[in-house]
Structures are given as structure tokens and as C-alpha cells.
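**Q** Okay, handing you the structure first.
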Amino acid sequence: MLTLSSNSAQTGQDQTVERNSGNVTTDKEQEAANQTSPSGFHMTTEEFKNKFNGAVGKYRLNGLSITRLNMKESSNQVTSTFEYVFNDELRLVGVVNADESLQEVTLYDTGDTIEPTGGIFLTAMATLILTTNSEYTYNDAQDVIQDIGLLDRDVNQSDFDGVAVRNGLEYRFSIQDHEQSTFKITVAK
């Protein structure tokens, strides 16, 4: 069972929620998604690192600071990637556009998905949500995680795929075959 404090207040933010079979879209969210450029998050890797570490410091999320992103050049020259390893089971991978703006980030947890999810993975997810939405509070990040469906009591942890869209960004959490959990943030299409 995934656990995260869920005593958060609603912020009134419009949202799209999709869980295994449901899909709800509001007009305001669709308009916001249409206004967001599909080219990326409008931040460089250095800005991303600084915002991530700022959220870690603001909310005292010990053990999550990023020291240096390991950049990897791509052969296609359109995108490059970076990686940061937090520990043996948790790593972060990002895709960067040719204009050096962040396009997507994915958090990988290779721990046993049958076991309860460790606090560091959920905390890292919340930190990524805060990093990509500078106006969000920690309660807003918890709301996104709740909207994905991760905090539901009947979560099927063997084959889970949940999505929430907010402010033109898609947040997707999935588990494949008890082997790996991923949390991916991309520009909503």
C-alpha cells in the first residue's frame, strides 16, 4: 500500500484525472493545456536543479538534494538526457531539448513493488511536482498524487497506471510486473 499524508485542502485548481478506466476534463484545464508550449517545461537543467533543491530546502526533505546532474549527449542532436542517482533503488532521468530546456523527467524506483512504497520515493514525487509548479504548496503536490489514484485503498500494485493533468503537465505513475515503478512528468498533449 502506498502511503502519504492525505490531510490536504483542495485548492480549487481545475484538473484532469484519468485512472485505469475513467477520464474527466474541464474546459479551463483544456485551455491551459492548449496554451502550454509542447517544447518543454521552460527551464534549463540548472534551473531545474535549483528549483528541486529549493523545494527540498523549503520543505526540509532531507536526503533528496541534487548535487550534479550527469549529462549524456544523444546521437540524434535533437535531445540529450541527464541522470541523477539518489540511491540503489531511486534514480531520476530527464530529457532536454536542443534549446536546452527540460522536456520531461522520470523517476524510477526499482524496489519491490509488493512492499509498501518507501517515503523517499513519494517524497521525491512530491518534490518533482513542486519543481514543475513553482506556485504549488506541498498540499497541492499531495493532491496531484491523490488524483493519480496512488492513495486509494484498492490500488492494484501489480499493474497500476494512473494519470493526472494539471497546468498543462501530465503526471503519470505506473508499475510494471512488480519490478519497477515510474513517475513521469511530461507536457500534456
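The values are calculated or read from the model by the stated rules, or taken from the named source; none is laboratory data. Everything numeric here is computed off the predicted structure, so don't read it as measured data. Neighbour counts run over all protein chains shown; Cβ positions are idealised from the backbone, glycine included. With ligands, DNA and RNA removed, areas are computed over all heavy atoms of the protein, side chains included. Shrake-Rupley method; radii C 1.70, N 1.55, O 1.52, S 1.80 Å.
**Q** Hey, could you check the range 167-188 for residues that are outside any strand (DSSP E or B) and touching a Ser or Thr at 6+ places or on another chain (Cβ under 6 Å) and say which is least open to solvent (accessible area, probe 1.4 Å)? Step through it out loud before you land on a result.
**A** Applying the first criterion (outside any strand (DSSP E or B)) to the range 167-188 yields 167-168, 177-179, 188.
Filter once more, keeping what is touching a Ser or Thr at 6+ places or on another chain (Cβ under 6 Å): 168, 178.
Numbers: 168: 0, 178: 76 Å².
Result: 168.
**Q** Right, here's the next one. Which condition number does residue 93 fail, the rest of (1) exposed (fewer than 13 other Cβ atoms within 10 Å of the Cβ); (2) closer than 24 Å to residue 167 by Cα being met?
**A** (1)
**Q** Hey, does the range 152-162 have a residue that's of a type outside the set (D, E, K, R), modelled with pLDDT of 85 or more, in a strand (DSSP E or B) and over 12 Å from residue 132 (Cβ atoms)?
**A** At the first step, the residues of the range 152-162 found to be of a type outside the set (D, E, K, R) are 155-158, 160, 162.
Going one step further and asking which of them are modelled with pLDDT of 85 or more, we end up with 162.
After this cut, where a residue has to be in a strand (DSSP E or B) as well, the list is 162.
With the extra rule that they be over 12 Å from residue 132 (Cβ atoms), the set shrinks to 162.
Yes, some residue in the range 152-162 is of a type outside the set (D, E, K, R), modelled with pLDDT of 85 or more, in a strand (DSSP E or B) and over 12 Å from residue 132 (Cβ atoms).
**Q** Could I ask something else about it? Does residue 110 satisfy the criteria of being within 17 Å of the chain's Cα centre (by Cα), surrounded by 12 or more Cβ atoms within 10 Å (Cβ to Cβ), modelled with pLDDT under 85 and closer than 20 Å to residue 185 by Cα?
**A** Details: within 17 Å of the chain's Cα centre (by Cα): yes; surrounded by 12 or more Cβ atoms within 10 Å (Cβ to Cβ): yes; modelled with pLDDT under 85: yes; closer than 20 Å to residue 185 by Cα: yes.
In short, yes.
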